[in-house]
Amino acid sequence: MCGHLNGPGANFCSACGHRLSEPVDGDSVTTADEPTTEMALEADLIHQPAVLVVTQGAAAGSRFELSETRVTLGRHPDSDIFLDDITVSRNHAEIYREGLVPRVKDMGSLNGTYLNSRRVEEAGLKDGDELQIGRFKLIFHDRVGW
């Protein structure tokens, strides 16, 4: 449904949790148009990491799953999310969870980290928030159980 490419053998989309319509290994499949109790229970058990979607910048259209405890963003090649632009500091920002609350923290970047057009040093994130890191704009989509 969301257009995410999933690996072979997947029964559910790893990005949106939607049940895939293709049968896997001869299994019969119920589509989302015909929900079942079993399908609802399986959907509740799926681990769905939060996702950052790049909406502006050289990597526009890219999706990054935030499946680690801490995810670094920057121009350094070892960054978890590599943003290749001179307006991005080598170690620009990180995203992590404090309990159940996802947070973003600026790591002393030169150009700053912006959350919904406001410069922040550290702040909580919620579904649909827009981050700006250098010339890149990214939308944060929270998922169940990051």
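Structural remarks
- What the Cβ-Cβ distance of SER117 and ASP85 gives, at R0 = 22 Å and to the nearest 0.05, is a FRET efficiency of 0.70.
- Where segment 63-128 is the region considered: accessible area per residue in Å², 1.4 Å probe: 58 Å²
- Other residues whose C-beta falls under 11 angstrom from the C-beta of ASP142 contribute a net charge of +1, scoring Lys and Arg +1 and Asp and Glu -1.
The values are calculated or read from the model by the stated rules, or taken from the named source; none is laboratory data. A quick note: this is a predicted structure, and the numbers were derived from the prediction, not measured. We place every Cβ from the backbone using ideal geometry, glycine too, and count neighbours over all the protein chains shown. Side chains are part of the model used for accessible areas, which takes the heavy atoms of the whole protein and leaves out ligands, DNA and RNA. Shrake-Rupley method; radii C 1.70, N 1.55, O 1.52, S 1.80 Å.
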